[in-house]
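Asker: Questions regarding the structure given below will be posed in turn.
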Amino acid sequence: MPSRRRQPPVASVWDIDVARAAFEASGLKPIHIRPLLGWLLRHPEVQSWEDVGARWESEALLRNVPLAARKLLCARFAVSSSRVEAREDSSYGATTKLAVELSDGLRVYTISMRHGGQNSACVSWQISYSTPHG
């Protein structure tokens, strides 16, 4: 049976207090955090620091982030602390099931239901390692 050890969670860059404390503890100015978050909001396609790639040098706002801050962000923070691992849409389009993997490797499940111009969501309290299909 494979080991089911939990991975240590990586801090979310969106936790401004934790990011600020890490910057200050490393002797970095936290002034770069909020503009960086604004940039990330304008670029939802960026899900990891690897996705930023060459943009660190090609975009003015990112160029202003010191190299030491970039290294700290890459080492200790996640751009997205969860990811959709599996998605299943109903054949009639009214429901969507999601398996969401959290930063520690555990999964939660949710169902979104669309009816009468309104949306409802059901989020499971059960946390597991397996996907809903297997």
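Asker: Looking only at the stretch 88-126, which residues are under 30 Å from residue 39 (Cα atoms), in a strand (DSSP E or B) and in contact (Cβ under 8 Å) with a residue 40 or more places away in the chain?
Answerer: 102
Asker: Residue 24 is checked against (1) in contact (Cβ under 8 Å) with a residue 40 or more places away in the chain; (2) surrounded by fewer than 13 Cβ atoms within 10 Å (Cβ to Cβ) and fails just one. What number does that condition carry?
Answerer: Condition (1) is where residue 24 drops out.
Asker: Being in contact with a strand residue (DSSP E or B) (Cβ under 6 Å, 6 or more places away or on another chain) and aliphatic (A, V, I, L, M), is that true of even one residue in the stretch 15-38? If you could, list the steps in order and put the result at the bottom.
Answerer: Step one: filter the stretch 15-38 for residues in contact with a strand residue (DSSP E or B) (Cβ under 6 Å, 6 or more places away or on another chain), giving 18.
In the following step, the residues that additionally are aliphatic (A, V, I, L, M) were identified as 18.
Yes, the stretch 15-38 has at least one match.
Asker: Same structure again: With the requirement that a residue be loosely packed, with under 14 Cβ neighbours inside 10 Å and either among the polar types (S, T, N, Q) or touching a helix residue (DSSP H, G or I) at 6+ places or on another chain (Cβ under 6 Å) (or both), what does the stretch 88-111 give you?
Answerer: 90, 91 - these are the residues of the stretch 88-111 that are loosely packed, with under 14 Cβ neighbours inside 10 Å and either among the polar types (S, T, N, Q) or touching a helix residue (DSSP H, G or I) at 6+ places or on another chain (Cβ under 6 Å) (or both).
Asker: Still on this structure: With the condition being modelled with pLDDT under 90, I'd like the helices (runs of 4 or more DSSP H) fully within the stretch 21-83 carrying at least 3 qualifying residues.
Answerer: On the way: elements: 33-42, 49-52, 55-58, 60-63, 67-76.
It comes to 49-52, 55-58, 60-63.
Asker: Please pick out the residue among 85, 45 that is in contact (Cβ under 8 Å) with a residue 24 or more places away in the chain and either within 15 Å of the chain's Cα centre (by Cα) or within 30 Å of residue 121 (Cα to Cα) (or both). Before you say what the answer is, go through the steps one by one.
Answerer: Working: 45 fails: in contact (Cβ under 8 Å) with a residue 24 or more places away in the chain.
The match here is 85.
The values are calculated or read from the model by the stated rules, or taken from the named source; none is laboratory data. Keep in mind that this is a model prediction, so the values were computed, not measured. Positions of Cβ are generated from backbone atoms using ideal geometry, with glycine treated the same way; all protein chains shown enter the neighbour counts.
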